[in-house]
Amino acid sequence: MQPQRHLLITGGAGFIGSHVVRRMVLRYPHYRITNLDKLTYAGNLENLRDVEDKPNYQFIRGDIADPVFVMNLFVTHRFDGVIHLAAESHVDRSILEPDDFVATNVLGTVNLLNAARVVWERDTRCRFHHVSTDEVFGSLGDTGFFNEQTPYDPRSPYAASKASSDFFVRAYGHTYGLPYVITNCSNNYGPNQFPEKLIPLAINNVRHLKPVPIYGRGQNVRDWLYVEDHAEAIDLVFHKAPNAATYTIGGSNALRNIEVVRKLCAIMDEKLQRPPGTSEQLITFVADRPGHDYRYAIDSTKIRTELGWVPRTSFEEGLRKTIDWYLNNTDWLDHVTSGEYLHYFERMYANR
């Protein structure tokens, strides 16, 4: 008899969250999976059409920044596991509107921790998995990697809000005995990502022959992790990691932004049957983001050796799969880019 669990996945209608929800619903049919999402601009239930009718899945709309709502939710449903992905995540917007990031990323996390602490009553069979980012570590120079011992040095309001939430999770573990694990991941990419981020923004703009904005000269380096590989890592850590463990998760694909966009442009020319070099001409360098971290790179040795996880998807393969998904789902893309929010970002880039 397989063990029954009731998992709460926060932010499950978002990019990474929807892939985690799908994996958990399909892989663990004996679990109950509750998806909690506020459905802000980046949350989209269309991301989960293929599992919305599964008997072990339910969706609840709500805001983790509301402490009464969160406490009542835990008391009613008696979750025994949380995978916490709900977060404001776009660095540019955190620079313009930092208060929203404090409300969701810090206070929202504390509300979840308080509810779990009360309902679980030190039940070590329960688990709070906090999904965080490598941006809490700051910026690397030309060499080196982030790992689980890297000191925190957040440089943006987004990074500061995630660093704060990481510390609250650890503090609740130490003070109240709350069972937890933390993962810090590198830049994710793949299907269903809202086109404020570099790769889907570039795909959408190239598709429409619009300028593709690149900060500075495109020399900033990021480690790219295919979202389904990340979902597999979250699954492993939630189920197999020892209590109070932290893992850094990266795709071993550290590339300069300009390299990423040039690769993307070449594949788009191929897919759209345009003359080679057509899309690359759309690259437009814009004034750099304030406080833009130079380089991120992840050392994933710990999760590889302890849990046996390795990223299965090379960047070339993942990029092609991502482009294919967006080109095959233009209705989804047109729908999410039809609102005022995308125009807001277009104006922001234009003003730099």
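Bear in mind that the values in this text are calculations on the coordinates, not laboratory data. Just so it is clear, the model here is predicted, and its values are computed rather than measured. All Cβ positions, even for glycine, are placed from backbone atoms using ideal geometry, and neighbour counts span all protein chains on display.
Give me the lysines in straight-line cross-link reach of LYS197: C-alpha distance below 30 Å, same-chain residues under 8 apart excluded.
By straight Cα distance, LYS197 reaches LYS38, LYS162, LYS210, LYS263, LYS271, LYS302, LYS321.
At q = 0.08, 0.10, 0.22 Å⁻¹, what log₁₀ I(q)/I(0) does a Debye calculation on the Cα points of the stretch 1-144 give, no solvent, two decimals?
With no solvent term, the Cα-only Debye profile gives -0.23, -0.36, -1.43.
Work out the FRET efficiency for THR305 and ASP142 from their Cβ-Cβ distance, taking R0 = 22 Å, and round it to the nearest 0.05.
0.25
Quick check: the distance between the Cα centres of the stretch 204-275 and the stretch 141-159, to the nearest angstrom?
Using only Cα atoms, the two centres lie 18 Å from each other.
So if I take the centroid of the Cα atoms in the stretch 31-59 and the same for the stretch 76-134, what is the distance between those two points in Å?
So the two Cα centres are separated by 18 Å.
Treat the count of other C-beta atoms within 10 Å as a stand-in for reagent exposure and order ASP100, ASP53, ASP324, ASP80 from fewest to most.
ASP53, ASP324, ASP100, ASP80
Among SER89, SER94, what is the fewest-to-most ranking by other Cβ atoms within 10 Å?
SER94, SER89
For THR248, THR313, what ranking results if the residue with the fewest other Cβ atoms within 10 Å of its Cβ goes first?
THR313, THR248
Using the Kirkwood radius over C-alpha pairs as Rh, can you work out the diffusion coefficient of the stretch 107-166 via Stokes-Einstein at 4 °C, viscosity 1.567 mPa s, in µm² per second?
This corresponds to a translational diffusion coefficient of 97 µm²/s.
Would you kindly state how much longer the chain becomes between LEU327 and ALA171 on full extension, computed as 0.36 nm times their sequence separation minus their alpha carbon distance, in nm to one decimal?
Contour length minus Cα-Cα distance gives 51.7 nm.
Radius of gyration and Dmax for the stretch 285-327's Cα atoms, expressed in Å?
16.0, 43
Using 0.36 nm per residue, how much length does the chain from SER314 to VAL286 gain when fully extended, once their Cα-Cα distance is taken away?
Roughly 7.2 nm would be gained on extension.
If each DSSP helix of 4+ residues adds -39,500 (n - 2.57) and the sum is divided by the residues in the chain, what number results at 222 nm, nearest 500 deg cm²/dmol?
It comes out at -12500 deg cm²/dmol, rounded to the nearest 500.
Taking amide H atoms as placed 1.01 Å from N in the peptide plane, list the residues 5 or more away in sequence, or in a different chain, whose amide H sits under 5 Å from that of GLU88.
Distant-sequence amide H within range of GLU88: ASN105.
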